[in-house]
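The values are calculated or read from the model by the stated rules, or taken from the named source; none is laboratory data. Not measured: the values here are computed from a predicted model. FYI the Cβ positions are ideal-geometry reconstructions off the backbone, even for glycines, and counts take in every protein chain you see. The area values use the complete protein model at the heavy-atom level, side chains included, leaving out ligands, DNA and RNA. Shrake-Rupley method; radii C 1.70, N 1.55, O 1.52, S 1.80 Å.
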Amino acid sequence: MAQEHVFIRPANGNDAAQLALLAAQTFHKTYADFNTSADMDYYLSTHFTPEAIAKDLETPDVNYYLLFAGTQLAGYIKLQVADTPYIEANTGLEVSRFYVDQAHQGAGYGRMLMNQAEVNARMLNKQVIWLSVWKRNPRSVNIYTSLGYTIVGETIFQLGSDAQEDYIMIKRL
């Protein structure tokens, strides 16, 4: 059997509907069991609609990259120029969303997307890539650690009515 062609490309306004669908599905699969349906519905309806994604795609200093396996959208990463109190000012690129569809996990696609973040950070002359990750998601914490990220602090991620504790992780380039 022939191997699927895998590639990453920048997202554009024409991708908003397809990206919103994958974003909502992956977020729901990852977090629905740990949150109320009301909180999930609110978050999905405010952050993962085609309109919300289209608005994001028009925002300066925000970039989405889409990973395709053949013709299927298999994952994405959202990068934005942003700092955190845990790094020097004007040095950071944030990985604000990063998901690979469950059916495609374990194929190295996540590593490819995180490599794209490093390429972008270097192009933008950023010295640090950072992200927040839910403390109750040890699998993701372990993945980021294996990619060279270290825990440097904590923050709160507000999911509807639930204030969730996240780690801030950084990787210096």
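Past the 18 Å Cα-Cα mark, which pairs from Lys29/Lys55; Lys78/Lys171; Lys55/Lys126; Lys55/Lys135?
The pairs that break the limit, which is 18 Å between Cα atoms, are Lys29/Lys55; Lys55/Lys126; Lys55/Lys135.
Taking square-rooted eigenvalues a ≥ b ≥ c of the alpha carbon gyration tensor, is region 71-144 rounded, prolate or oblate, where a/c under 1.5 means rounded and, failing that, a/b exceeding b/c means prolate?
Oblate, since a/c reaches 1.5 and b/c is not below a/b.
Starting with the highest mean, order 113-123, 83-93 by the number of other Cβ atoms within 10 Å, averaged over the residues of each peptide.
My ranking of the peptides, most packed first, is 113-123, 83-93.
Rounded if a/c is under 1.5, else prolate if a/b is larger than b/c, else oblate: which is the chain, with a ≥ b ≥ c the root eigenvalues of its Cα gyration tensor?
Rounded shape, in that the Cα axes give a/c under 1.5.
Which value, in debye to the nearest 20, describes the size of the charge dipole of region 1-155 about its Cα centre when Lys and Arg Cβ atoms bear +1, Asp and Glu Cβ atoms bear -1, and nothing else is charged?
Once rounded to the nearest 20, the dipole reads 400 debye.
Please report the carbon-and-sulfur percent of the accessible area for the chain; probe 1.4 Å, protein heavy atoms only, DNA, RNA and ligands left out.
So the carbon and sulfur contribution to the accessible surface is 50 percent.
Residues of the chain: accessible area per residue at 1.4 Å, in Å²?
Accessible surface, normalised per residue, equals 53 Å².
Taking a ≥ b ≥ c as the square roots of the Cα gyration tensor eigenvalues, with a/c under 1.5 meaning rounded and otherwise prolate when a/b beats b/c, else oblate, which class fits region 35-120?
Cα axes put region 35-120 in the oblate bin.
Taking Rh as the Kirkwood radius computed over C-alpha pairs, what is the Stokes-Einstein D of region 1-58 at 37 °C in a medium of viscosity 0.692 mPa s, expressed in µm² per second?
257
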